[in-house]
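All of the numbers you see were taken from the coordinates with simple rules; none came from a lab. Values in this document were obtained by computation on a predicted structure and should not be read as measured data. We place every Cβ from the backbone using ideal geometry, glycine too, and count neighbours over all the protein chains shown.
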Amino acid sequence: MFIVRYGEIGLKGKNRARFEDALVRNIRAAMQRAGYETEIKKLRGRIMVYGPERAGEVLARVPGVVSYSWAEEMEYQEVENYLERVLNGYSPESFKVEAHRIDKNFYKTSPEINEELGAFIVDKFGWKVNLTNPELIIGIEIINGRAYVFLRSESGVGGLPVGTAGKLLLLISPGMDSVVAGFMMLRRGATLHALHFSQGPVGEEKVRRYVALLSDYSPEQVPLTVISHAEIFESVVDKLKAKHRPEWTCVMCKYTMLQEAGRIAERVGALGIVTGDSLGQVASQTLQNMRVESTGTALPIYRPLVGMDKVEIERIARKIGSFSIYLSEKEEECPFRPRHVITEATPQKFAGILSLLNP
């Protein structure tokens, strides 16, 4: 069985039960999708998941889970016999016992448990105690009078359970950034509907792989809407060329995408739009340009990567498994990209371009 720990949920006061219940539902849904039969219980600030040890790979991808441990449940009086048996296969240079008494009514304190079990292990195995940098940590949690013993803890995604913060529309491309932006909003409790403006089959296939990956972090499959980029934008490009204003192509492209995204967001019930914009990374992502592009929709636009650089974004992409997809076959180049682009659009100049295109 697993001990599952959460973080922020414990600070939700009167809403705590609602977030706990959402996390339980999401764990159950993720386990079912992976084909695991499990039983799940809530116990005093912990969620207990009864299932096979290999199911830990599922818990690692459930937003809201801060950490989890494969543990054995027993009476406290059984712990020494259990440790004598299970530790026979270990020979660490050093160790420590790390007890956490969730049940404050238990008759021994955490320091008393640490001392008692530490002394027992030194007596039985002769191992050296190291409280600052041990090779082996023997964990024990006391919950509802029962002891749960484990030898390692694994990190989870953290954040909040998906479905506790409403729905957002994710603008997703074959690049590295937007899938990371989607992941970051999933771990803040949002559900996603993805929208892709396709420029060709290679890029579209990469996006479908991204969406499948995001769905691994969601209790339900993330829906994907695909629209031809050329169908919504080619006429705009032709007008810009005819008016000798090709430098506005990238700004108008993002503006047009956000217009279409706003319409689709309203249709699917999304409360806002998520993009992978990172300040200054490309020409369309200067502060001036983002300001005018955002007028394409009245909905809020969320940019979780706006203050990150490429190194930080790549680190997250590697962690969630999207970086290898990004490095796969090169997607199609944008056929509309001009030689020179405007980087300091103003509302006045942009209004002039709009009136020029739509006299």
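So here's what we get for this one:
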| read-out | value |
| --- | --- |
| Rounded FRET efficiency, nearest 0.05, which uses the C-beta distance separating Val226 from Asn144 and R0 of 30 Å | 0.05 |
| 5 angstrom amide H check on Gly158, placed H, neighbours 5+ away | Gly64, Val65, Val66 |
| Calculated FRET value between Glu312 and Leu43, using beta carbons and R₀ = 35 Å, to 0.05 | 0.45 |
| Which of Leu43, Leu11, Leu168 has the fewest Cβ neighbours within 10 Å, and the rest in rising order | Leu11, Leu43, Leu168 |
| Lys/Arg +1, Asp/Glu -1 at C-beta; the stretch 2-155 dipole; positive extreme among Pro92, Gly126, Ala71 | Ala71 |
| Pairwise label distance in nanometres, Glu84 with Lys330, each label 7 Å out on the Cα-Cβ vector | 6.7 nm |
| Simple label model, 7 Å out from Cα along Cβ direction - Arg263 to Leu354, nm | 1.6 nm |
| Residue-by-residue Karplus 3J(HN,Hα) for the stretch 25-30, coefficients 6.51, -1.76, 1.60, Hz, glycine and proline x | 4, 5, 4, 4, 5, 5 |
| Other-chain or far-sequence residues with amide H under 5 Å of Glu98's (modelled H) | Ile138, Gly139, Ile140 |
| Calculated FRET efficiency for the pair Thr132/Lys243, C-beta based, R₀ 56 Å, to 0.05 | 0.25 |
| Antiparallel bridges, percent of DSSP beta bridges restricted to the chain (to nearest 5) | 50 percent |
| Residues with amide H under 5 Å from that of Leu271, placed H, sequence gap 5 or more | Lys167, Leu168, Leu169 |
| Under Karplus coefficients 6.51, -1.76 and 1.60, residue-wise ³J(HN,Hα) of the stretch 318-328 in Hz, glycine/proline x | 5, 5, 8, x, 8, 5, 5, 5, 4, 7, 5 |
| Cα-centred dipole magnitude for the chain, charges only on beta-carbon of K, R (+1) and D, E (-1), debye, nearest 20 | 1220 debye |
| Per-residue [θ]222 nm for the chain (sum of -39500 (n - 2.57) over DSSP H runs n ≥ 4, rounded to 500) | -12000 deg cm²/dmol |
| Listed residues His196, His229, His244, most fluctuating in the chain (Gaussian network, C-alpha, under 10 Å) | His244 |
| Gaussian network model of the chain, springs between alpha carbon atoms under 10 Å - residue of Leu195, Leu83, Leu214 with greatest fluctuation | Leu83 |
| Violating pairs (Cα-Cα greater than 22 angstrom) within the set Lys243/Lys349; Lys12/Lys96; Lys241/Lys349 | Lys12/Lys96 |
| Inter-probe distance in nm under a simple model that places probes 7 Å from Cα toward Cβ, at Arg54 and Glu234 | 4.9 nm |
| Cα centroid of the stretch 79-106 to Cα centroid of the stretch 283-354, whole Å | 51 Å |
| Choice from Asn15, Asn88, Asn26 showing the highest fluctuation, given a GNM over the chain with Cα pairs closer than 10 Å | Asn88 |
| Exposure rule at most 13 other beta-carbon atoms within 10 Å, DSSP loop GluC sites (Glu not before Pro): the chain longest free segment | 94-328 |
| DSSP bridge orientation in the stretch 2-155 - percent antiparallel, rounded to nearest 5 | 70 percent |
| Unit charges on C-beta of K, R, D, E only; dipole of the stretch 242-359, Debye | 160 debye |
| Karplus-derived 3J(HN,Hα), 6.51/-1.76/1.60, for each residue of the stretch 134-150, Hz, glycine and proline x | x, 6, 10, 10, 9, x, 8, 10, 9, 10, 6, x, 9, 9, 10, 10, 8 |
